[in-house]
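Structure first, commentary second.
Coordinate-derived values only; no laboratory data. Source: prediction; values computed, not measured. A quick note on method: Cβ atoms are made from the backbone with ideal geometry, for glycine too, and the neighbour counts reach across all protein chains shown.
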Amino acid sequence: MLRKISTLPRLNIIVSFAFSFLLMACNDKTVERQTLHNIESTNVNTNSKAEAKQDNTIAKSESDIRDAYINYLKNASKSDLSRADALNRLASIEFKLSEELQQSSATETAEAVLASEKLNRTIELLETSIKDYPNAKHNDVTLYQLAKAYDQRGDYEETHNALSLLVKGYPKSKYYLESQFRLAEYAFSAKQYRQAEDKYTDIIIAKNNSVFYEKALYKRGWSRFKQEFYIEAADDFVQVINFNDFQEYDQLTASQQNLFDEYFRAMGLSFSYLGGAEPLNLYFQQTDHINNLYHVYSNLSDTFLKQQRYNDAVNTLDSYIKEYPNAEFSAQAALKIINIWKEAGFVEQRKAAFEQFYSNYQPSSRYWVNNKYRYKKQYELSNSALKDHILVETATYHNAYQKSNNSADFARAERWYKNYLTHFSAFSRQDNINLLLASLYLQHNDKALAYTYYQLAGFDEQTITNKDAAYQAILLAGDLYQSANSASSSKAKDKADWLNHVIDYSTLYAQQYPTDKQTINVIAHATDFAYSNERYSDTLTLAEMMVSDKNTTLVNNINRVKANAYFQTKQYLAAENTFMALVDNPTLSNRARIDAQEGLALAIFYQGSSAAEQNETQIAIEHYARVSLQVPQSDTASAGLYDAIALSIQTEQWLQAIEYIKRYRLLYPNDKNANDVTKKLSLAYLNSKQDIAAANELEKLSSNENSKDYKMASLLKAAELYQSNGDIASAIRSYEKYVNTYTTPFVPYFESLHQLAKLNTARNHHKTSMTWQKKILAVDKKTPNSLKNGHTKFIASHAALSIARAEQLRFAKIKLIAPLKVNLKNKKQAMQSSVNYYARASSYGIAETATEATYEIANIYNDFGQALLTSEIPEHLNEDEKEQYLFLLEDQAFPFEEKAIEFFEVNLLYTKDDIYDQWIEKSYQKLEKLFPIRYQREPKIEEFINVLH
C-alpha cells in the first residue's frame, strides 16, 4: 500500500494536465497597447457576420497579424514600451499555432517539426520579454505563459523555475494559487514532503480558494502521511471528508463515489499505521465525528484484509460494533465479519460470527425493534443477508445429514429451517423451504411431519404450487393410509381421511398436469386405492384423466382397473373400448390378453346381435369393422372386415369401402380373400370417381403398408392417377418417392425415371429433366440386358436423344471467334459430347430415334465444317497470311464435310427396312445441296458408327 501511494504521478504529467485544462484561457489575453492598434486593425469593428467567415479567411487574417508583429519587432527599439506587449502577443500566436499543429498532425513528421519550432520560438520570445523588461506590469502573465510553454516542451525544471518566480514576485496574481499548487505537486513528486506540506498549507489558508482548497487539503494529508505524521494526516482527511458532506453512497455520482472511496481509504491506511482499532477509537473520542464513520472502520478493516491480517480486520469491525452498538451500520459491520471469515476459509469462526449476528440482528431483535423504521434501508439489507445466510446454513447441515445421517446435523438443519419460517415465511415458497424441510423429515422417517410440509409446499387450496412436493404428499398419504390402524372408530376416520387425501390430491394433480411424466404414477396409485375401496366413480374419474399413448405396465393396470369399473357400473360400451385398448397392447401377458379379448368379444357380440335383430345394416357394418380394430387376431376379425367391405360395396358406400379395404390390406395381407379385396379396392376407386383423393390415399398407403409390393403398387398407382388428372407436382413427388425407394424391379423403376423426365419437361424444368435423363442412361448402362425390354430401350434411346439435343444446342451457341483457341476447344468438346449421345441413342436400334440421331450427327459434322470456314480470321495476319490461313481452314473443314455426307448416306439405308420418316427425307435434302454430283455414287456403309472418330 505504501509503495502504491509513493508512486504518485510525476510532475510532467501533473503539470501537463494542468496546463491542458486550466490554463488555456491565457493565450489571447495580453494587454494591447495603443501603439499596436494599427497592427490588429483588421480585427477592429468585426461584427457577428465577419466572425462567421470561413476558416481560411481567419487563418489569413491571423497570419497577416503575425507577420505584422514580426515586422514591428524588427524595427522597434528596446525603449519602446509596446515592444513587450508585441513579444507577448507574438508568443501567444506562435504557441497557439504550435498547439494546433500538434493536435491536428501529431503523427506527421514535418508538421511535428514545425510545431516544435513554433514552441521554441514562443519560449524565445517570452524569455526575451522577461529579460528585456524585468519590471513589466504584466510579467506574471508572461511567466505563466512561459511555464506553460516549458511544460509542453518537457522542460519541467524550467517550468518549476518559472512558476517559482511567479509565486515569489507576484503574490497577488490571479495565477498565484494555481502556480503554488503546481509547485506543491512538484515538491510532492520529488518526495520533498515537508516543502509540499508548507505550500499546500499556504493554499489552504488563502482567501477565495474554491478551486484548490479541497485538493490541497487532501494532498497535505498525504504529505503528512509520508512524513509519518499519521494523526495530523487523519486530521486533514477528516476535514476533507466533512468538507464534502457526503450523502448516502448509492446517491453519489460516479466521481463522488471515487472521492468517497479514496478519502476513506486514506483514513483507513493512516490508522493501520497507528495500530488499528484502538487508536481509531481513541481518536474519535477526542475528535468531532465525521459523517459515515462506519466507512473509516470498514476501510481500516479492508486494509488489514488485504494484508491477510484477518484477526485485525475482524477486531476493527467488532470494535465499531462495541463503540457504536446502535449505529446505522452496526449490522452491516457484523455481516462483513461473517464474510471475512468465509472468504478466509475459517469455517468455525464464520459459524460463530453468524450465530452472533443472528442473536443481535434477527428481525425481532432489540436492535431492530428500536431502529427498524429509523434505519429502514439497512433493515432490509440485513434481513436479505440474513435470509441468504440461513439458506446457506440449512443447505450445509442438510447436506451433511444426507451424507452422515447424524442426528446432530438433523437438529441443526431443522433449527435453521424453522428459523427461516419464523422470520421469512412469505418467501418460503420461493426458496422451497417447506419442500426441503419435508425431505429432511422424510429422511428422518417422520412421515407425518414430512407429509405436512410437502402439503404446505405443494398445495394452496385447490391449486398445486409445486408438483414435486404434491407428488410426494400423495405417495405419503397412501403410505399413511396403509399404515393406519382402523380398529377403533377414530382410527377408521383417520384412515378415511388419508384415503380422501390420496384421491382428492391425485385428481387435482392429474387435472393440473395431464401430460407430466409422474401423472401416470399418480393415477395408477390412486385408482388402485379407489377401486379396492369400491369407489368406482372416483376410479373412473381418475382413470379417464390419463393421457398416454405408451404401452407400459402402469397404463395397462390403469386400463384394467378402469375396464372393470365400467363393468361394475354396467357401462358396457365404455368397457368394450377399454378392453379394446388392452387387447391392442402388445405388452400384456397371455393370460391378461385372453381375458381382455374375451370381455371385448362379448361386448361386441352383444352390440352386434342387437344391430342384426333390428336389421340396421350400417350399424352392422360398423360392428363388423370394429372387430378387426378391437380383436384383430381373432378368427372372425378378417371375415368381419370382409363382410363390412362387401356390405359397403353392396350399398354403394364407396369411400367407406375404400377405408375398410385399406385397413384390411394393412391387417391381413396374406388372407385368402386378399386378391379379391384388391379388386374391390380398384372397383371402389373407379366408382367413387375421385382419382386425386384415391391417389392421395394410395400415396399414404405406400408409406404405411407392411407389404413392399403393395407399397410399390400403391405409389405407382398414385403417381399415375395424379398424372392422368393433371396434378403434375404430386405426380412428380410420387415418382420421385418411388425411384428413391424402390430400384427393383427394373422395368417399373426405369419407367418411373422416364415419367419424371417427361413431367419435368412439361413443366419447363429442363435442368431437372436433364438430370433424370442422365440418371436413365446411368441406370441403363449398369443394368444387364436380360432385364431390359423394347420399352426400356425406347426410354434410354429417348433420354440419350434429349441430352444430345441439349449438347447440340450448346455446340451451336459457341462461336469461333477470339479467343479462337479456347472457343475451338470448347466447340469441339460440345460437338463430341453431342455426337456421343446421338450415337448412344442410335445404338438401341429404335428406328424413330436412330434416324434422328444419325441425321443430327451428320448435321453437327457439317455445321462444324461450316463454322471452321466462317470462323473469325486473326487480325494480325497480312493478306498473304490470310489467304494461306483460309486454305488451311478449308483443309480442316473438308474431313468434317465428308463425315457429314457419310452419315447422311447411312441414314438412307433405313429405307431398306421400309423406314421412311422426316429425318431420312431431310438427309436426302442435305445430300442434294451438299454434293449433288457425288450424290449419285453408291453410299459408303460401315458396319458400325465410330463415335470417337
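In whole angstrom, how far apart do the alpha carbon centroids of the range 168-216 and the range 687-734 sit?
When both Cα centres are located, 100 Å separates them.
If R₀ is 22 angstrom, what is the calculated FRET efficiency for the pair Lys351 and Gln308, using the beta carbon separation as r and rounding to 0.05? Spell out each step's value before the answer.
On the way: r = 21 Å, r/R0 = 0.95.
It comes to 0.60.
Stretched out fully, how many nm does the piece from Asn326 to Asn615 gain, at 0.36 nm a residue minus the Cα gap? Let's see the in-between values first.
Values: separation 289, 0.36 × 289 = 104.04 nm, distance 9.75 nm.
Length gained between Asn326 and Asn615: 94.3 nm.
Got a sec? How would Trp368, Trp416 order by Cβ neighbour count within 10 Å, fewest to most?
By the 10 Å Cβ count, ascending, the order reads Trp368, Trp416.
Using alpha carbons only, how many angstrom separate the centre of the range 248-277 from the centre of the range 757-827?
Between the Cα centre of the range 248-277 and that of the range 757-827, the gap is 87 Å.
What is the gain in length, in nm to one decimal, between Asn161 and Leu886 on full extension, counting 0.36 nm per residue of separation less the C-alpha to C-alpha distance?
My answer for the length gained is 251.2 nm.
Compute, for the range 798-936, the length of the dipole vector about the Cα centre, with Cβ point charges of +1 (Lys, Arg) and -1 (Asp, Glu) only. Units Debye, rounded to 20. Don't skip to the answer; put the middle values down first.
Working: 16 positive and 22 negative charges, 118 e Å.
I would put it at about 560 debye.
Sorting check: for 469-477, 249-257, 194-202, which peptide has the highest mean count of neighbouring beta carbons within 10 Å, and how do the rest follow?
Ranked by mean Cβ neighbours within 10 Å, highest first: 469-477, 194-202, 249-257.
With +1 assigned to the C-beta of every Lys and Arg and -1 to the C-beta of every Asp and Glu, and no other charges, what is the dipole magnitude of the range 102-245 about the Cα centre in debye, to the nearest 20?
Taking the Cα centre of the range 102-245 as origin, the dipole is about 340 debye.
Just need the Rg to Rh number for the range 787-871, please, alpha carbons only, Kirkwood Rh.
1.08
Any of Lys148/Lys199; Lys672/Lys700; Lys447/Lys562; Lys758/Lys825; Lys174/Lys226 with alpha carbons more than 27 Å apart? Name them for me. Mind showing how you got there, number by number?
Working: Lys148/Lys199 20 Å; Lys672/Lys700 24 Å; Lys447/Lys562 30 Å; Lys758/Lys825 32 Å; Lys174/Lys226 30 Å.
Check vs 27 Å cut-off fails for Lys447/Lys562; Lys758/Lys825; Lys174/Lys226.
Which order do the peptides 165-178, 825-838 come out in when sorted by mean C-beta neighbours inside 10 angstrom, highest first?
Order by mean packing, descending: 825-838, 165-178.
With r defined as the distance between the Cβ atoms of Ala448 and Lys387 and R0 fixed at 25 Å, what FRET efficiency is calculated, to the nearest 0.05?
With R0 = 25 Å, the Cβ-Cβ based efficiency is 0.35.
Suppose every Lys and Arg Cβ carries +1 and every Asp and Glu Cβ carries -1, with no other charges. What dipole size does the range 220-323 come out with about its Cα centre, to the nearest 20 debye?
320
So, in nm, how far is label Ser703 from label Leu869 when the simple model puts each one 7 Å beyond its Cα toward the Cβ?
6.1
For the range 808-855, calculate the relative contact order in percent as a whole number, restricting contacts to Cα pairs under 8 Å that are 6 or more residues apart.
27
Each residue of the range 566-576 in turn: what ³J(HN,Hα) in whole Hz from Karplus with 6.51, -1.76, 1.60 and θ = phi - 60°, glycine and Pro shown as x?
These are the phi-based 3J(HN,Hα) values: 4, 5, 5, 9, 6, 9, 5, 5, 5, 4, 4 Hz.
Would you mind calculating the gained length between Gln256 and Gln511 on full extension (0.36 nm times residue separation, minus the Cα-Cα distance), in nm to one decimal?
Extra length available between Gln256 and Gln511 comes to 86.0 nm.
What residue among Ala799, Leu886, Ile873 has its Cα farthest toward the positive end of the dipole of the range 798-936, where the charges are +1 on Lys, Arg and -1 on Asp, Glu, each on the Cβ?
Value: Ala799.
Along the charge dipole of the range 458-539, pointing to its positive end and built from +1/-1 on Cβ of Lys, Arg, Asp and Glu, which listed residue (Phe529, Ser483, Ile464) has its Cα farthest out?
In the range 458-539, that residue is Ser483.
Give the distance, in whole Å, between the Cα centre of the range 218-243 and the Cα centre of the range 857-873.
105
Rank-order 864-877, 506-519 by packing density, defined as the average count of other C-beta atoms within 10 Å over each peptide's residues, highest first.
Put in order of decreasing packing, that is 506-519, 864-877.
What is the diffusion coefficient of the range 253-312 in µm²/s, taking the Kirkwood radius over Cα pairs and the Stokes-Einstein relation at 37 °C with a viscosity of 0.692 mPa s?
Rounded, D is 277 µm²/s.
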